[in-house]
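Only one structure is covered here, and it is reproduced in the block below.
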């Protein structure tokens, strides 16, 4: 049984993870084998997501310390694993969706992303979200489209003018 000092250290670790993360996902891993959990952890690592198993009571204490996690308290039951992510907020959902499709476990319970609560029936919505880099790429593409249209329009006009001048010059000879 962990000592009080060990529990405090774990709560501190969880608090640091929550403070540095923009999203936390809760999954119920009941019925998964050790090898399945290892495989799932590997998939999360590939997606740059931290996945840890903590006692629900210690997780709740850390959430209480920070505040704003009240909507997740009802989901702190059973055997839970927690996915923490800083940048690509949809990455855990994509990993979970693919893994669940293949293995039917773990069960996605809930997520809190930038203060917004997502329930278990919204996993597909979360997985469909674009990554930050994809959104930036779309914005840059939209911004570049008018510029490229103007440049091509100017080039076309320039070639028409140059062609007209050359035609006039040839007629004058």
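Derivation of every value follows stated rules applied to the coordinates shown; laboratory data play no part. Every value quoted in this text rests on a predicted model; they were computed, and no experiment measured them. Backbone-built Cβ (ideal geometry, glycine too); neighbour counts: all protein chains shown.
Quick look at the numbers
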| item | result |
| --- | --- |
| Centroid-to-centroid separation of segment 1-61 and segment 88-107 [C-alpha atoms, Å] | 16 Å |
| Cα-Cα P(r), segment 4-129, percent of pairs per 10 Å interval | 13, 49, 33, 5, 0 |
| Highest-first arrangement of 21-33, 111-123, 83-95, 1-13, where packing means the average Cβ count within 10 Å | 83-95, 21-33, 111-123, 1-13 |
| Per-residue Cβ neighbour rank within 10 angstrom, fewest leading, 103, 75 | 103, 75 |
| When the convex hull of its Cα atoms is projected in every direction, mean area for segment 64-121 (nm²) | 4.4 nm² |
